[in-house]
Amino acid sequence: MGELGIGEVVRRSGVPASTLRYYEERGLIGSVGRRGLTRVFDQAVFQRLALISVGRAAGFTLDEIAVMFAPDGSPRLDRALLTAKADELDATIRRLTVMRDGLRHAASCPAPSHMECPKFRRLLERLTG
């Protein structure tokens, strides 16, 4: 397939036109030209949008995502940055696991008051300490 108008990219990707224009301004994607007043893109835009989406879901900023593309638009993934983000996600998972376990315990704790429950107090300390 050849060039796609911005409307077709919106329809197929689900990314709003305003977001596509913003990503283009930030250098994350690039149109290959114009058809009248309409921006046109090539098929590679879908791969870039997928990488941006995955990066955003993983918690990367747009600036961090921008450096993950070479000047020609091909992916250029920084392995150290990926490892650091994975470590950050591990810490978040551990914190959320403690929080989940605390909520489950609080929901079923037989103590008259949650603050009388040693296990619940230890969980509070872990979450705030």
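Bear in mind these aren't lab numbers, they're just calculated from the coordinates by the rules spelled out. If you're wondering where the values come from, they're calculated on a predicted model, not measured in any experiment. Glycine gets a Cβ as well: all are built from the backbone with ideal geometry, and neighbour counts include every protein chain shown.
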Q: With θ set to phi - 60°, apply the Karplus curve 6.51 cos²θ - 1.76 cosθ + 1.60 along segment 80-94 and write out the HN-Hα couplings as whole Hz, x wherever there is a Gly or Pro.
A: 5, 5, 5, 5, 4, 5, 4, 5, 5, 5, 4, 5, 5, 4, 4
Q) With axes computed from alpha carbons, what is the tilt in degrees of helix 44-57 against the longest principal axis of the chain, rounded to the nearest 10 within 0 to 90? A) 20
Q: Give the label of the value calculated from the structure for Kirkwood radius over Cα pairs in Å, choosing from (i) 18.0; (ii) 20.8; (iii) 16.1.
A: (i)
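Just want the ordering: Phe46, Phe41, from fewest to most Cβ atoms lying within 10 Å of their own Cβ. Working shown, then result.
On the way: Phe46 16, Phe41 23.
Ascending number of Cβ neighbours within 10 Å: Phe46, Phe41.
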Q. Say the dipole of segment 80-128 comes from +1 at the beta carbon of Lys and Arg and -1 at that of Asp and Glu; which of Leu81, Leu103, Ser113 then lies farthest toward its positive end?
A. Ser113
